[in-house]
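Accompanying notes for the structure given below.
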Amino acid sequence: MRRGTPLLHPTVMLRRSVLEKHAIGYRAEYIYAEAYFLWLELSRLGRLAALDEVAYLYRVSDTTLRSRKLRNTLRATLRVKPSGWRRMGLRPTSADLLGMAIGAGLLFVPPRVVWQAYLWANFR
């Protein structure tokens, strides 16, 4: 959860009562990274886990909304991470800071390069 989220919304099961009891939900200020913030908030309450088996096939192409909004997602994620770490009581490591710097650097390269870096980092 420090680097990013391995969770995809359609594969997540959780109790709605937990969200309601702790007033956890999407935050408008984290649009494009609201799910990441949600998982960070939930991880403060207990352990999150992922199955080892494939439960969902996710098609990725340059025409998906995610690819077209990748820069916005990257900007939002760069805002969510430090906020989430503080709320979880974590201090960023040098690897965390390096990852943030690389993420920030991606905002200044051509979108196609950002897309290829995203694919490499998440689907290799």
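The values are calculated or read from the model by the stated rules, or taken from the named source; none is laboratory data. Note that the structure is a prediction, hence the values are computed from the model and not measured. Cβ placement follows ideal geometry from the backbone for every residue including glycine, while neighbour counts extend to all protein chains displayed.
Details
- Unique match (being surrounded by 12 or more Cβ atoms within 10 Å (Cβ to Cβ) and either within 19 Å of ALA121 (Cβ to Cβ) or at pLDDT 85 or above (or both)) among SER67, SER17, SER61: SER67
- The stretch 20-29, residues that are closer than 21 Å to ARG79 by Cα and either touching a Leu at 6+ places or on another chain (Cβ under 9 Å) or modelled with pLDDT of 90 or more (or both): ALA23, ILE24, GLY25, TYR26, ARG27
- Check on VAL113, more than 14 Å from the chain's Cα centre (by Cα), modelled with pLDDT under 85 and part of a loop (DSSP other than H, G, I, E, B): no
- Answer residue from the stretch 20-41, given it is under 26 Å from LEU57 (Cα atoms) and of a type in the set (Gly, Ala, Ser) and is surrounded by the most Cβ atoms within 10 Å (Cβ to Cβ) among those: ALA33
- Condition check for ARG91: modelled with pLDDT of 85 or more, part of a loop (DSSP other than H, G, I, E, B) and more than 21 Å from ALA28 (Cβ to Cβ): yes
- Among (1) more than 18 Å from TRP39 (Cα to Cα); (2) in contact (Cβ under 8 Å) with a residue 60 or more places away in the chain; (3) not acidic (Asp, Glu) - the single one TRP85 does not satisfy: (1)
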